[in-house]
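See structure below.
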Amino acid sequence: MRIDKNQINSLNKKALPDHRESFEYISQRLEGKGISVQKLVQKVQSFQIAIPSWALGTGGTRFGRFPGGGEPRTLEEKIDDVGLLHALNAGSGAISLHIPWDIPKDIAQIKAHAASHKLLFDAVNSNTFQDQADQEHSYKFGSLCHTDAQVRKQAVNHNLEVIRHGEALGSKSLTVWLADGSSFPGQMNFRKALQRTLDSLKEIYAGMPDDWKMFIEYKPYEPYFYHTVIQDWGTSHLLASQLGERAYTLVDLGHHLPNTNIEQIVATLMMQGKLGGFHFNDSKFGDDDLTVGAMKPYQLFLIFNELVEGMQDKESRNPYPAWMIDASHNLKDPMEDLLQSVEAIQLAYAQALLVDRQALEDAREANDPVLAQEILQDAFRTDVRPLIAEARMQADAALDPVAAFRKLNVRENLVRERGKKSMATGL
Ligand SMILES: [Mn+2]
């Protein structure tokens, strides 16, 4: 299924009078404060969020999976789904692939297919957290950290293969998330495991093209429950620093213990020029992988407040970070969930752009926490939904993407094309 521009235009037409009214209201308010609304709209339009190939199917938990049908069966169909999202919101202009599930058979054809949807290939992701049918050695007791050099070699070679696939498609980065760790005290030698991980990563880093970046993800627990080798941002930063200039830390919002001050982590990494990328999701308890902004929209705003400050800092050495959603869906239609997530990210970004940085800095210098809070919450409590809708409409996308998804019967069409029982791979 492809969505035609005319279909979107005719839906937008019906919603236009309401939209005009609310957009004019916010425009007047913001222009009155000296903020250029058109500049804001352009910034939102250029903020593109990559969709991971594994978020297009029903995720599930270890207890069960409840697929809704019409899931993408092939890499082409995954690209089609991201193309549909991008047609609806003009904000999901990239796909992030997971190897071995998304190995392209015909590179030229896949590249042309993605280009026909105006999609780029974002970071490629390796997988050493489970065993594949044809692999010689098991990752049961780790991959890059394993005690057996042959297992480590196999995991290094897998990552090098992922880089080759990504290179062929035009990706420029590799994301490494390791499940490596232990579930029982005494099981693993912490120091040796970390040293072996560093040595393995060095081999992968050496195999990256000169213009590639490596993103190192961290996570405090799960799938192992006593320790993970890369447990936190500090360990990731230590590895990235020892690997070299093109290695960075990747922050996944769900990979923190409860109440962690993630915005401070963002600020610290940006100060060091080492924040490489972001995996957006939301959570109540742990790595819940819920819709972005579903639980803690204020935290998301505070994170964007640091991101915007870091990105606007002309002295900063931090490169422009890579943005990606990393979520999983058991209840919602995965595509509707992704539309909600992209919008939540855009809202937090736009709100952070509204913060009066000079006034905030002045309040900080004057040690005035009341005023600092007023400034931040004034931005957070501004309803910027009409701004985001305007950004979409100007880019030929839908004023209301979720409503358009439903009115155009996207899921019903996909079920008709692919069947009720089609299952996505790589979840
Ligand atoms: Mn992640």
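The values are calculated or read from the model by the stated rules, or taken from the named source; none is laboratory data. Being a predicted model, the structure only gives us computed values, none of them experimental. Note that we place each Cβ from the backbone using ideal geometry, even for glycine, and neighbour counts take in every protein chain shown.
Worth a mention:
- Among the residues of region 201-228, just one is surrounded by fewer than 16 Cβ atoms within 10 Å (Cβ to Cβ), under 30 Å from R62 (Cα atoms) and of a type in the set (A, V, I, L, M, F, W, C), namely F225.
- Against the numbered list (1) over 24 Å from L120 (Cα atoms); (2) in contact with a strand residue (DSSP E or B) (Cβ under 7 Å, 6 or more places away or on another chain), A352 comes up short only at (2).
- Taking region 1-35 as the range and being at pLDDT 95 or above and among the hydrophobic types (A, V, I, L, M, F, W, C) as the test, the residues that pass are I3, I8, L11, A15, L16, F23, I26, L30, I35.
- If you go through region 172-186 and keep only what is under 28 Å from S53 (Cα atoms), away from the ligand (no atom under 14 Å from the Cβ) and part of a loop (DSSP other than H, G, I, E, B), you end up with K172, D180.
- Single residue of region 302-341 satisfying the filter (within 16 Å of the ligand (Cβ to nearest atom) and of a type in the set (A, V, I, L, M, F, W, C)) that is farthest from L119 (Cα to Cα): I303
- Matching residues, region 247-267, being surrounded by 20 or more Cβ atoms within 10 Å (Cβ to Cβ) and either free of Cβ contacts under 8 Å to residues at least 12 places away in the same chain or not in a helix (DSSP H, G or I) (or both): A247, Y248, T249, L250, V251, D252, L253, G254, H255, H256
- The set of residues in region 208-244 that are under 18 Å from S171 (Cα atoms) and assigned to a loop (DSSP other than H, G, I, E, B) comprises M208, P209, D210, D211, W212.
- Residue ID - farthest from the ligand (Cβ to nearest atom), chosen from residues in region 249-301 that are β-branched (V, I, T) and in contact with a Gly (Cβ under 8 Å, 6 or more places away or on another chain): V266
- Taking each residue of region 271-282 that is over 10 Å from D252 (Cα atoms) and at pLDDT 95 or above and looking for partners that are assigned to a loop (DSSP other than H, G, I, E, B) and more than 10 Å from the ligand (Cβ to nearest atom) with beta-carbon atoms closer than 6 Å, six or more apart or interchain, yields G273/R317; G273/N318; L275/N318; L275/P321.
- The single condition among (1) within 25 Å of the chain's Cα centre (by Cα); (2) away from the ligand (no atom under 16 Å from the Cβ); (3) part of a loop (DSSP other than H, G, I, E, B) that H137 does not satisfy is (1).
- I103 vs. criteria in contact with a Pro (Cβ under 6 Å, 6 or more places away or on another chain) and either of a type in the set (F, W, Y) or closer than 25 Å to Q48 by Cα (or both): no
- Failed item in (1) under 30 Å from I95 (Cβ atoms); (2) away from the ligand (no atom under 16 Å from the Cβ), with Q150 passing the rest: (1)
- Pair list, Cβ < 6 Å and 6+ apart or interchain, from region 300-324 residues that are under 24 Å from V82 (Cβ atoms) to residues that are assigned to a loop (DSSP other than H, G, I, E, B) and more than 16 Å from the ligand (Cβ to nearest atom): L300/G293
- Meets criteria (modelled with pLDDT of 95 or more, within 16 Å of the ligand (Cβ to nearest atom) and among the hydroxyl-bearing types (S, T, Y)) for Y218: yes
- Qualifying residue in region 358-381 (condition: touching a helix residue (DSSP H, G or I) at 6+ places or on another chain (Cβ under 9 Å), touching a residue at least 40 places away in the same chain (Cβ under 8 Å), within 16 Å of I49 (Cβ to Cβ) and hydrophobic (A, V, I, L, M, F, W, C)): no
- Residues located in region 290-329, provided they are surrounded by 18 or more Cβ atoms within 10 Å (Cβ to Cβ) and modelled with pLDDT under 95: A327, S328, H329
- Within the set D396, D378, the sole residue that is part of a helix (DSSP H, G or I), more than 22 Å from D337 (Cβ to Cβ), out of contact with any Asp or Glu (no Cβ under 6 Å at 6 or more places or on another chain) and modelled with pLDDT of 95 or more turns out to be D378.
- Residue check for D232: away from the ligand (no atom under 13 Å from the Cβ), modelled with pLDDT of 95 or more, of a type in the set (D, E, K, R) and buried (at least 18 other Cβ atoms within 10 Å of the Cβ): yes
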